[in-house]
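The values are calculated or read from the model by the stated rules, or taken from the named source; none is laboratory data. Keep in mind the model is a prediction, meaning the values are calculated, not measured. Cβ placement follows ideal geometry from the backbone for every residue including glycine, while neighbour counts extend to all protein chains displayed.
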Amino acid sequence: MKLSEYRIGVPRKFEVSGLHNGNNTGNALVLDNLRGWGINLYFVTNGGGAVHFNEHIRPLRSLDDLQTGDPVAKVFHETLCAYAAPARYLAGGNITAASLTTGGALDLAGPAIVESKMHGVPVVYLAALSASTAGDNCPLQDTTPNGFNTVATMKQRFGDGCQVIDGVKRIEEVLYNARDRLADSKPVLILYHPDVLKENVPWFEVPWVERPRNFDQRALDEFATSFQQETDGKRVVLFVGEEASRYERMPELTTALARLLKAPTIYTQIGVSGVSPENEFAAGYLMLGYNDFAKRLWRSLTHEDTVMCIGFDPFEYSTNQERINANAVVMTNYDRPYGSVNGTFKHRFEGSYKHIQGDLELVVLEMLNRLKIQHLTRPNVEVPNDLNEVGYKAPSKRFTNMVKFYQALAGLFEPETFYIGDVCMGYKDFQRVTQRPVKGVKVTYMHQGSLMGQGAGEALGVRFARPDAHVHLVTGDGCFRYFGATLGEMKDLGLVVWLLDNSTHGLVSWGLTKIKPYLPADRKLTDVVSVDYARIARAQGWDGFNLRPDLSNMEEIMSRANSSNTKSMLVRVKVHMDDDLGQNPRLDTLGRQGQVSL
C-alpha cells in the first residue's frame, strides 16, 4: 500500500483476548493490557533484558498491520524511538510505546522522556533493568545503585511517572498507575526486571477508562458573571497555546471568540495550529521567532488588560520566564501540568487570576454561549497586514535569501502538511516569515528540551500517525550529525528534509553574535565541517538535491515533494552563517547572566 493511499482511522481500543496463545508470563500480560488501551505500535531498540519482552512483538511489515491491534514493532536507535513515540500522538492522537534497554541506552532516550513530561504527551516508555538477581556482580550496563543507579535517578527525574516492576505483585498497581497518567496526558516510564516479567502470572485486565469530557462549571460561572464588569471598555487579548492545537475544532472556536471579543490573538510556535488562517485578529507569534506587532502588544499589557489563555505554554521559548503584566483567565484540561504551582499558573501573572479546568472545546463553546448574550464593549485594536517592522538584510547571491525561501515553501505546501523545526534556525525563522497560520499546515514539534537532531524522530512519529500527509522537517547541519547515519531506515517513508547548511551550529553562533559581539569568530566554538549532504542521502537510498540559492529549482523540488512518491528526499539549502532573520528574546536573559559586576 502506498503512503498516499492510507487513511488513518479514529484511534480505537482493542479487545484483550489472551493474544499470546497461552503464554502466561508477565511480558504477555503487560502487552495484552496495553493492546486493550489501543497501544499496538512499539518503537524498539532491541537488546539486553528487553529481548524477553520484545520477542512477543512482531515486526511491522505493512501499514495494514496497525489495523489488527496486534503489537507490532519498528526498529530505530534509542533517540529516534523515544521522540517518535510522542510525535505520533501529537500528529494523530495515537498513544504509542517505546521499548528500550537501560543503562546508557535509557540515557539516550532520556531527553525525549523529559520532553514528553514537559509538553504533556501520553507515552509508554518500557525499559529493562538488570536482573533482580544481579546484586553486586557488575552486570553490563549495570542499573543497580552502584552502576547507573537507574531506579533512583529516574524516580528523581519523573517522580510518580516512573514505575518499577520488581515483583509480580506490582504489575497490576503499575498498570493502573500508567493508565491514569496516560488519561491525564502524561507519560509513564515503566522499569522492569526481565526475570520478573518472565514469570508465569495470573491473567487480569486493567480496563481503559476514557477521561470524561467535562469542565469546571463553577469556575466558568464565576468567570461569566464578572467578565463584563471587569473588562468593559478594556482590552482583551487571546493567547493560544499548544494544548489548544490538539483539538480539531479549535481554529474555528478561537476565531469565533476573537471576533466576539474583538481580541487580538497571539500564539506560540505550536499553538498556531489552534488558530485559523481566516482569523483576521491573528496578531503574530510570541517570543521565539516573534513578530514585531505581537511582541509590542505583549510588552504593552497592563493591569487594565486581560489575557485569555486557551492552554498556557510556560516555556522559555513561549513566555521567556516572564511574569505577565495583566489579568489572566487560563483554561487547561490538565491536572498539575508542567510549569504550574499547585496546579495553576497564578505565579506567572501580575494581575488577578482565574483558572478554568476542563475540555478546551467545551470550555470555549460555553464561553461563547454565555458571552454572546452580554452587551460587551471593547476598544478597537487594529491588526496590520504586515506584523513585522524590522527588515531583513539579505545575504549575497551565493547564499539563500531565507525570507524568500520560507515564503516559497509556505506557498507551495499542499493541504495536510506537517511542518517540523529541528533545533536549528528553522524553528525560529519559519514563524518570523509566515507570521500567521498557513492554510492546511499543522506545526507540531517539541522544543523545551532543545536537543539537536530530535526532529528526525519527530518526523518518524508524524509519519506513522499520518501516512497520508506530507511531512517536512527543517533541520541544520549540526542536527544532521545526530541522525545522518540512520537515513537508510527512513528511506521509504516519503519524508522531506530541508537541511540548512551554514557550516556552523547556527543558533549558538548567531546568538553569540548578539550577546558577545566582541568574540572573534574562531572563539565561538561552533564550527561544523560542510560535507556533501545530498550524496550522503543518495547513498542511503534517498533522493538528494541541492537547492539553488536563487530558488530556480524550488518548484521542481516541491512538485516532487508533493507527489505520492514514497522515497524520502533531502534538500541541502546553502545559508550564510550570519543570516539574521527570526529573533529570540531569550538572548537578553543569557546576556544578563553573563554580565560581570566589578
Phe204 being surrounded by 15 or more Cβ atoms within 10 Å (Cβ to Cβ) and not acidic (Asp, Glu): no
From the list Gly159, Gly147, Gly241, exactly one residue is of a type in the set (Gly, Ala, Ser) and in contact with a Ser or Thr (Cβ under 7 Å, 6 or more places away or on another chain). Which is it? Gly241
Quickly run through segment 420-469 and pick out the residues that are under 16 Å from the mean Cα position of the chain (by Cα) and of a type in the set (A, V, I, L, M). Ile420, Val423, Val441, Val443, Met446, Leu451, Met452, Ala456, Ala459, Leu460, Val462, Ala465
Of everything in segment 332-387, what is touching a His at 6+ places or on another chain (Cβ under 8 Å) and either in the same structural domain as Pro187 (by TED's automatic domain parsing) or within 15 Å of Val236 (Cβ to Cβ) (or both)? Give them in sequence order. Gly351
Lone qualifier among Leu365, Leu376, Leu360 - being more than 25 Å from Val575 (Cα to Cα), of a type in the set (A, V, I, L, M, F, W, C) and at pLDDT below 95: Leu376
Sole residue being touching a Cys at 6+ places or on another chain (Cβ under 9 Å), closer than 27 Å to Ala112 by Cβ and assigned by TED's automatic domain parsing to the domain that holds Ala456, chosen from Asp422, Asp429: Asp422
Could we say that Ser552 is free of Cβ contacts under 8 Å to residues at least 12 places away in the same chain, within 21 Å of Glu416 (Cβ to Cβ), assigned by TED's automatic domain parsing to the domain that holds Gly484 and outside any helix (DSSP H, G or I) here? no
Can we say Leu301 is part of a loop (DSSP other than H, G, I, E, B), over 21 Å from the mean Cα position of the chain (by Cα) and among the aliphatic types (A, V, I, L, M)? yes
Just to be sure before I move on: is Gly488 out of contact with any strand residue (DSSP E or B) (no Cβ under 8 Å at 6 or more places or on another chain), surrounded by fewer than 17 Cβ atoms within 10 Å (Cβ to Cβ) and among the small types (Gly, Ala, Ser) in the structure I sent? yes
So is Val529 assigned to a helix (DSSP H, G or I) and modelled with pLDDT under 95 or not? no
May I ask you to list the residues in segment 137-156 that are surrounded by fewer than 19 Cβ atoms within 10 Å (Cβ to Cβ) and touching a helix residue (DSSP H, G or I) at 6+ places or on another chain (Cβ under 7 Å)? Pro145
Matching residues in segment 362-412 (among the polar types (S, T, N, Q), free of Cβ contacts under 8 Å to residues at least 12 places away in the same chain and either at positive phi or not in a loop (DSSP other than H, G, I, E, B) (or both)) number 1
Evaluate the following for Ala98: is it within 23 Å of Thr486 (Cβ to Cβ), surrounded by 17 or more Cβ atoms within 10 Å (Cβ to Cβ) and in contact (Cβ under 8 Å) with a residue 60 or more places away in the chain? no
Which one is surrounded by the most Cβ atoms within 10 Å (Cβ to Cβ) among residues in segment 101-125 that are within 20 Å of the chain's Cα centre (by Cα) and of a type in the set (Ser, Thr, Tyr)? Ser116
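Per-residue answers, yes or no, for (1) farther than 29 Å from Glu205 by Cβ; (2) touching a residue at least 24 places away in the same chain (Cβ under 8 Å); (3) of a type outside the set (D, E, K, R):
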site: Asn33; (1), (2), (3): no, yes, yes
site: Pro59; (1), (2), (3): no, no, yes
site: Asp64; (1), (2), (3): no, yes, no
site: Ser116; (1), (2), (3): no, yes, yes
site: Cys138; (1), (2), (3): yes, no, yes
List every residue pair whose Cβ atoms sit under 8 Å apart, with the two residues 6 or more apart in sequence or on different chains, where the first one lies in segment 520-532 and is exposed (fewer than 14 other Cβ atoms within 10 Å of the Cβ) and the second, anywhere, is modelled with pLDDT of 70 or more and part of a helix (DSSP H, G or I). Ser530/Asp477
Scanning for something loosely packed, with under 14 Cβ neighbours inside 10 Å and modelled with pLDDT of 80 or more, does segment 584-592 turn up at least one residue? no
For segment 141-176, what are the residues that are touching a residue at least 40 places away in the same chain (Cβ under 8 Å) and not hydroxyl-bearing (Ser, Thr, Tyr)? Gln141, Gly147, Phe148, Val151, Met154, Arg157, Phe158, Gly161, Ile165, Val168, Ile171, Leu175
Top-ranked residue of segment 75-94 - restricted to ones that are of a type in the set (A, V, I, L, M) and under 14 Å from the mean Cα position of the chain (by Cα), ranked as surrounded by the fewest Cβ atoms within 10 Å (Cβ to Cβ): Ala91
